[in-house]
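What follows is a set of notes on a single structure, which appears directly below.
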């Protein structure tokens, strides 16, 4: 199967597939003419990577998850620990976004939005101190 077929089947752009090959996440065989030749196992691996990336796992986390997926003797606790760390990071980012939203919402509510030059949004952005 060529890279175009793999792209169609996995929904991944060919550029992403080439990148995953470049960093060693997939290693398709090469035909005599140099073209990549993908097997069914590569399709499964690329689908796995696509799903993991869609959940926000980093490339290095994906590398670890892929190794765990391929290791039939793995401990599920190892997988769960990695997923829990990622979940905690998502929770942290969500809390940060909620704080950002609350701050911006307060600034927007404080602004009259009329023709006057006074603008609490700009004043709030210009405040000295820690940016958050």
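Structure above, values below:
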| quantity | calculated |
| --- | --- |
| Overall Cα dimensions of the chain, principal axis frame, Å, largest first | 71, 38, 23 |
| Translational diffusion of the stretch 16-89, µm² s⁻¹ [Kirkwood Rh, Cα pairs; Stokes-Einstein; 37 °C; 0.692 mPa s] | 245 µm²/s |
| Cβ-Cβ FRET estimate between residue 122 and residue 101, R0 fixed at 25 Å, reported to 0.05 | 0.85 |
| Estimated FRET transfer efficiency (residue 78, residue 44; beta-carbon r; R0 22 Å; 0.05) | 0.60 |
| Along each principal axis, Cα extent of the stretch 1-57, largest first, Å | 37, 21, 19 |
| Tail weight of P(r) past 18 Å, computed on alpha-carbon pairs of the stretch 64-132, percent | 61 percent |
| Residue-averaged [θ]222 nm for the chain, counting only DSSP H segments that reach four residues, each worth -39500 (n - 2.57) | -21000 deg cm²/dmol |
| Fluctuation leader among 99, 118, 91 - the chain, Gaussian network, Cα springs under 10 angstrom | 118 |
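Throughout, read-outs are computed from the coordinates displayed, never taken from laboratory work. Please read these numbers as outputs of a predicted model, since none were measured by experiment. Using ideal geometry, Cβ is built from the backbone for each residue, glycine included, and neighbour counts are taken over all protein chains shown.
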